[in-house]
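Single-structure report; data block below.
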Amino acid sequence: MSDAKYFTTTKKGEIFELKSELNSDKKEKRREAVKKVIASMTVGKDVSALFPDVINCMQTDNLELKKLVYLYLINYAKTQPELAILAVNTFVKDCDDPNPLIRALAVRTMGMIRVDKITEYLCDPLRKCLKDEDPYVRKTAAVCVAKLYDINPTLAEDQGFLDALKDLLSDSNPMVVANAVAALSEINESAATPVIDMNTAMVNKLLTALNECTEWGQVFILDCVANYTPTDEREAQGICERVSPRLAHANAAVVLSAVKVLMKLMEMLPNDSEFVVSLSKKLAPPLVTLLSAEPELQYVALRNINLIVQKKPEILHHEMKVFFVKYNDPIYVKLEKLDIMIRLASPANIAQVLAELKEYATEVDIDFVRKAVRAIGRCAIKVEQSAERCVSTLLDLIQTKVNYVVQEAIVVIKDIFRKYPNKYESIISTLCENLDTLDEPDAKASMIWIIGEYAERIENANELLESFLEGFADENTQVQLQLLTAIVKLFLKRPTDTQELVQKVLTLATQESDNPDLRDRGYIYWRLLSTDPVIAKQVVLADKPLISEETDVIEPTLLDELCCHIGTLASVYHKPPTAFIEGRAPLARKSMPARMPSMNGGSPTGMENGMRGAGQVIPNQDSLIGDLLSLDLSSPSGPPSGFTMGVGGVGAPMPTAGQDLLGADLDSLLGLSDGSTSSSMSNVYNTGTGSTGLAELTGGYGASHQGSTVDAGGLLGDIFGTLGLSTMTGYAAPKQVWLNPAQGKGLEVQGTFSRKNRQVVMELTLANRALQPMTDFDIRLNKNSFGLTPASPLNVRSPLPPNQTAETSLTLNITGEIVKQNPLTNLQVALKNNIGVHYFACLVPMHVFFVEEGLMEKGVFLATWKDIPSENEKQFEIHTGLTDPDAISSKLQGNNIFTVTKLTTDGRQLVYLSLKMTIGIWILCELKLNAIASGHTLALKSRVPDVYMGVLEAFQGILLT
């Protein structure tokens, strides 16, 4: 008979009858009574009065009855905590029952009863069950530890349950391992400090258990492995090889978890390696297979694929056809496929993409049609070669005279005009034919913008704009603002016959409108036109920033974080977990790992010894984004006393005679005997040239700044700095555009670097190309090769009005964390204002890192030159207009490149120079001068050859100025 009978309405006195049945001597009757109680509880009836009677039924060997009683107990224990204690003895007894199912059921139920008094009694049974001989009991107990930690973290730690849980990671049963991983991961998310320290041995154990787990166990293990960072490239490849078979799993969750692990590990490997190329090819088929599931799973897969395509488009660039829309796809699947199609569009496939999009534009679903028309415009902006074909397609759609298609096409064409100015204006007449059909604000505003922008080419532009002006008061604010600007543009281009029109629109905007934005813009135009028409023309008709290729890409730092959450809700929402998870401790934000040095590239250089791993393209949370988004505008602290930067390797053995011919030549050229050389070597420890020890003079990466000796020139620089006088060196590279207005949402940044007062200075020119004032400027620098950090807040005139520029200087400290970048002098910057956070990268010229204590004594120079291996010597050809050695030495010394000695041999002038960098690296130089002003030879020697190209560019730049 069906259990539905228990849910039927019974007569009054039901509780009394149930109480009687629960106390019956007959087991069958008691079981039926408990079923009735559970049924009443399920439909919302209050049966808490029966608590003692139900508890009495716990003493049974019947597993079904015991499950029902435990279910009742879980539901009502909170409201009856005193009576719930009565069940403790039975729980403890059940944890010793011969039947493993009853032992597991007891410990699971005790973990689910969130009553403090019962929790205290849980410890001993739980400890037994964690070491139970049956794996089913152990895996149930593992999950129970996580529940106990959620109820009482201190108790769980003090009783040693976390250590017992870690021991289960080595269990022989894979399901126990999987549940232990799941419990530890759950605890890790809410713990103040990480409770699980992943290492190579642990990862190997987890991967061994992976093959024998259920599908959800595999998901837990893969998610845990995704949080591990391998020690080298070989280990990363090994993990990839062991995880990649999961891509063929039938469960979509397992596939996505495997993809997540592989995406993170691929980030650590060289992009052009055969292994990464092969792995990318393996990732495509399982992702495509996910699209053959039911629509709901398709949507989840598509949202994850959208992230993958933005991070690594090469994975699916040959799979365009699988994203073509099917007629029976739900609208949410269609829109997501359309978005991915645009992201994969390239010159190679744009023809078939446009053919598809044109077909979609004839569908019956209006939302989908609009998105398809918009997609054609995005393709034109993204793939320049296709722009003309896209415009032709849009014109064909306009000829259909379907209202919403025409209006969407006009909006799109406006963006194409902005991307390709003065290229497709011949179609304006076709657009103007459809003015009467426009009834949507976006379409009207776009058409008005086109008319205003090209008013000089449209004969009846004044009549067209005047037709819009007739219903000005009833128009949307967006249309009113655009109409005001368009008429002012028209007046500035054709002032003779549009004076009355501009007077009318200014009156409507300033005197008859209640909208403050409209009034403010009207007054601004009025004052501009009445004060100085020439300036008005420069302001209103100024060149506009080109629109960017991708207007809806996810910000790179957020994209990295979302890729670490593939296969979770975060990857479906395209939001970090912190945006929608509430009521628990803040989750640590994840980011993609840095790329590793190649295992095939030999031993790391001195620079790599000082900086483990390459820098990330996008700053991670704790280095940059957190500061900006938390609006922490406090001044960065200065360098701590006795600050030490890095540790360098102390020199290699001295070369034997004949190993370094140039060293032997130097010996004679500098006039030093063997005795003077050894004497000079002893002086390396106490030289007064600003050196601080053998590690520095032999080019060891890193230097202790504590206790260094400062020469007279350095002391003079300090005095000048104290007095606020500039001691800028002679050379400063010309300013370059670091951030264009299209990327900066109207903010343009130009800059260069110089050295003033013995510090690196960033010289900035900020230009506001937007239509609104800019305020709240702040700047952060990502970890970089030279430890650059702002020494003070960014000082910019605020507010910065539209079309105004501001000059500012930012002094930089060298006290930050050092992380090697590629290229070495790359500096990643985040600049914040009231509009948003803008990211850009620039190259710092190497000469600004040359310090004032870079002069080396002759004897020390010779000894150091000999001590550095000959394979570290590199020669370059430089070109300059100078041939006089004195003039060259003077110019170089003005930039902290010091002349050790000048000699003449074989009719050629030789200049020996030394310089020292802020991070403690010494570079020794030999400059051979030609009689003609070109083809000088520069030889460089250092422990860290990575810096040679930057030093060469510095020489070239200084000597060419």
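Pick from Val860, Val837, Val796, Val848: which is in contact with a Ser or Thr (Cβ under 6 Å, 6 or more places away or on another chain) and either within 27 Å of Glu748 (Cβ to Cβ) or among the acidic types (Asp, Glu) (or both)? Explain how you work it out, then say what you get.
Details: Val860 fails: either within 27 Å of Glu748 (Cβ to Cβ) or among the acidic types (Asp, Glu) (or both); Val837 fails: in contact with a Ser or Thr (Cβ under 6 Å, 6 or more places away or on another chain); Val848 fails: in contact with a Ser or Thr (Cβ under 6 Å, 6 or more places away or on another chain).
Result: Val796 is the single residue among Val860, Val837, Val796, Val848 that is in contact with a Ser or Thr (Cβ under 6 Å, 6 or more places away or on another chain) and either within 27 Å of Glu748 (Cβ to Cβ) or among the acidic types (Asp, Glu) (or both).
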Region 841-895, residues that are in contact (Cβ under 8 Å) with a residue 24 or more places away in the chain, surrounded by fewer than 16 Cβ atoms within 10 Å (Cβ to Cβ) and of a type in the set (Asp, Glu):
Glu877
Quick check on this structure: which one of Ala473, Ala509 is touching a Lys or Arg at 6+ places or on another chain (Cβ under 9 Å), in a helix (DSSP H, G or I) and more than 25 Å from Arg418 (Cα to Cα)?
Ala509
Kindly check whether there is at least one residue in region 41-63 that is on the phi < 0 side of the Ramachandran plot, part of a helix (DSSP H, G or I) and under 49 Å from the mean Cα position of the chain (by Cα).
yes
Based on this model, can you work out whether Ala164 counts as under 38 Å from the mean Cα position of the chain (by Cα) and either surrounded by 21 or more Cβ atoms within 10 Å (Cβ to Cβ) or modelled with pLDDT of 85 or more (or both)?
yes
Test result for Val254, under 30 Å from Pro295 (Cβ atoms), touching an Asp or Glu at 6+ places or on another chain (Cβ under 6 Å) and part of a helix (DSSP H, G or I):
yes
Report whether or not Ala806 is modelled with pLDDT of 85 or more, crowded, with 21+ Cβ neighbours inside 10 Å and either more than 24 Å from the chain's Cα centre (by Cα) or not hydroxyl-bearing (Ser, Thr, Tyr) (or both).
no
Counting only residues that are modelled with pLDDT of 85 or more and either surrounded by 15 or more Cβ atoms within 10 Å (Cβ to Cβ) or within 17 Å of Ala455 (Cβ to Cβ) (or both), how many does region 514-535 have?
9
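Is it true that Ala351 is over 27 Å from the mean Cα position of the chain (by Cα), surrounded by 20 or more Cβ atoms within 10 Å (Cβ to Cβ) and of a type in the set (A, V, I, L, M, F, W, C)?
On the way: over 27 Å from the mean Cα position of the chain (by Cα): yes; surrounded by 20 or more Cβ atoms within 10 Å (Cβ to Cβ): no; of a type in the set (A, V, I, L, M, F, W, C): yes.
Against the criterion (over 27 Å from the mean Cα position of the chain (by Cα), surrounded by 20 or more Cβ atoms within 10 Å (Cβ to Cβ) and of a type in the set (A, V, I, L, M, F, W, C)), Ala351 does not qualify.
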All but one of (1) of a type in the set (D, E, K, R); (2) closer than 21 Å to Ala178 by Cβ; (3) surrounded by fewer than 22 Cβ atoms within 10 Å (Cβ to Cβ) hold for Arg246, so report the exception by its number.
(3)
Every residue in region 380-396 that is in a helix (DSSP H, G or I), buried (at least 21 other Cβ atoms within 10 Å of the Cβ) and of a type in the set (A, V, I, L, M), please.
Ala380, Ile381, Val391, Leu394
Being touching a residue at least 12 places away in the same chain (Cβ under 8 Å), in a helix (DSSP H, G or I) and among the charged types (D, E, K, R) is the filter; apply it to region 209-243 and report the residue that is surrounded by the fewest Cβ atoms within 10 Å (Cβ to Cβ).
Arg234
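Yes/no matrix, rows are residues, columns are (1) assigned to a loop (DSSP other than H, G, I, E, B); (2) at pLDDT below 85; (3) surrounded by fewer than 21 Cβ atoms within 10 Å (Cβ to Cβ):
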position	(1), (2), (3)
Ala141	no, no, no
Val145	no, no, no
Ala156	no, yes, no
Leu168	no, no, no
Met175	no, no, yes
Glu186	no, yes, yes
Thr193	yes, yes, yes
Leu207	no, no, yes
Do we have any residue at all in region 845-854 that's over 19 Å from Leu952 (Cβ atoms), out of contact with any helix residue (DSSP H, G or I) (no Cβ under 7 Å at 6 or more places or on another chain) and aromatic (Phe, Trp, Tyr)?
no
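Being outside the structural domain of Val488 (by the TED database), touching a helix residue (DSSP H, G or I) at 6+ places or on another chain (Cβ under 7 Å) and surrounded by 20 or more Cβ atoms within 10 Å (Cβ to Cβ) narrows it down to one of Gly452, Gly377, so name that one.
Numbers: Gly452 fails: outside the structural domain of Val488 (by the TED database).
Sole residue among the options that is outside the structural domain of Val488 (by the TED database), touching a helix residue (DSSP H, G or I) at 6+ places or on another chain (Cβ under 7 Å) and surrounded by 20 or more Cβ atoms within 10 Å (Cβ to Cβ): Gly377.
Please state which one of Thr864, Thr899 is in a helix (DSSP H, G or I) and either in contact with a strand residue (DSSP E or B) (Cβ under 8 Å, 6 or more places away or on another chain) or among the polar types (S, T, N, Q) (or both). Lay out the reasoning, then the answer.
On the way: Thr899 fails: in a helix (DSSP H, G or I).
None of the other options fit; the residue is Thr864.
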Of the residues in region 65-96, those that are assigned to a helix (DSSP H, G or I) and in contact with a Lys or Arg (Cβ under 7 Å, 6 or more places away or on another chain) come to Leu65, Leu68, Pro81, Ile85, Asp94
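Return the residues of region 208-229 that are aliphatic (A, V, I, L, M), more than 26 Å from the chain's Cα centre (by Cα) and within 25 Å of Ala570 (Cα to Cα); say none if nothing qualifies. Walk me through it before giving the result.
Restricting attention to region 208-229, the residues satisfying the condition of being aliphatic (A, V, I, L, M) are 209-210, 219, 221-222, 225-226.
Narrowing the set further to residues that are more than 26 Å from the chain's Cα centre (by Cα) leaves 209-210.
Hit for region 208-229 is Leu210, nothing else.
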Yes or no: Arg494 of a type outside the set (Asp, Glu) and modelled with pLDDT of 90 or more?
no
Quick check, is Ser429 within 24 Å of Ala461 (Cβ to Cβ), surrounded by fewer than 15 Cβ atoms within 10 Å (Cβ to Cβ), over 37 Å from the mean Cα position of the chain (by Cα) and not assigned by the TED database to the domain that holds Ile450?
yes
Would you point out the residue of region 397-422, among those that are part of a loop (DSSP other than H, G, I, E, B) and within 36 Å of the chain's Cα centre (by Cα), that is surrounded by the fewest Cβ atoms within 10 Å (Cβ to Cβ)?
Pro421
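The values are calculated or read from the model by the stated rules, or taken from the named source; none is laboratory data. Values in this document were obtained by computation on a predicted structure and should not be read as measured data. Here Cβ is always computed from backbone atoms with ideal geometry, including for glycine, and neighbour counts include all displayed protein chains.
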